1. Looking only at the stretch 84-95, count every residue that is open to solvent by less than 60 Å² (accessible area, probe 1.4 Å) and farther than 14 Å from Thr10 by Cβ and tell me the total.
2. Tally the residues that are basic (Lys, Arg) and either in contact with a strand residue (DSSP E or B) (Cβ under 9 Å, 6 or more places away or on another chain) or under 13 Å from Ile86 (Cβ atoms) (or both), restricting the search to the stretch 38-66.
3. Does the stretch 97-105 include one or more residues that are on the phi < 0 side of the Ramachandran plot, among the aromatic types (Phe, Trp, Tyr) and modelled with pLDDT of 90 or more?
4. Test each condition in (1) surrounded by 14 or more Cβ atoms within 10 Å (Cβ to Cβ); (2) modelled with pLDDT of 95 or more for Lys76 and report the one that comes out false.
5. Are any residues in the stretch 31-46 farther than 15 Å from Val114 by Cβ and open to solvent by 10 Å² or more (accessible area, probe 1.4 Å), and if so, which ones?
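The values are calculated or read from the model by the stated rules, or taken from the named source; none is laboratory data. Bear in mind that the values here come from a model prediction, so they are computed numbers and not experimental data. So basically every Cβ, Gly included, is an ideal-geometry build from the backbone, and we count neighbours across all protein chains shown. Ligands, DNA and RNA are stripped out before the accessible areas are found, and what is left, the full protein with its side chains, is counted by its heavy atoms. Shrake-Rupley method; radii C 1.70, N 1.55, O 1.52, S 1.80 Å.
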Amino acid sequence: MSSTEGKSWTRDRVFALAEEGPVSVLDIGPGVGTYAKLLAGPHVDRLTGIEIWQPYVDTYRLHEYYDEIVVGDARKVDLPDADVVIIGDVAEHMTEADALTLWERCTAAARKAVYLSIPIVHYPQHEIEGNPHEIHVDEDWNHERVLASFAGIGAYELGGEVGVYERRV
């Protein structure tokens, strides 16, 4: 359900990290399983998703794409260690303070890199499929604000609506 902007860039960056061997990936907010489908293959040896909305687990058959699905709020559950952590189109669904805390928690869980995909234009969104967690709490991120707010960003790619950011650890 999220924009396709930046997805192939993230895939290519993750695959580059897997040149020495397959990596484990923690996907925060898998939704319909976009990253699981995008990263499927020999580059990833374990894929874990943390999904806040139980109905998505069933509706989008997330157990078919992930080795493990944890149902819970990524701001509150223990984050398992992984080589790569992806916060894909999630940060805009919470306050800036919560997003920055999640960023740091994900950085602590990552062994190689953290990726953030976030709208960089005014991007309002309401409930989808009865899911109140789909609402964009902070709908006014932009590239400059992301760089100023999220510590440690190195590489990034900007689309017309979405920016994707990498923090190596």
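1. Total meeting the criteria: 4.
2. 1
3. Taking every residue of the stretch 97-105 in turn, at least one turns out to be on the phi < 0 side of the Ramachandran plot, among the aromatic types (Phe, Trp, Tyr) and modelled with pLDDT of 90 or more.
4. The number of the failed condition is (1).
5. Gly31, Val32, Thr34, Lys37, Leu38, Ala40, Gly41, Pro42, His43, Val44, Asp45, Arg46
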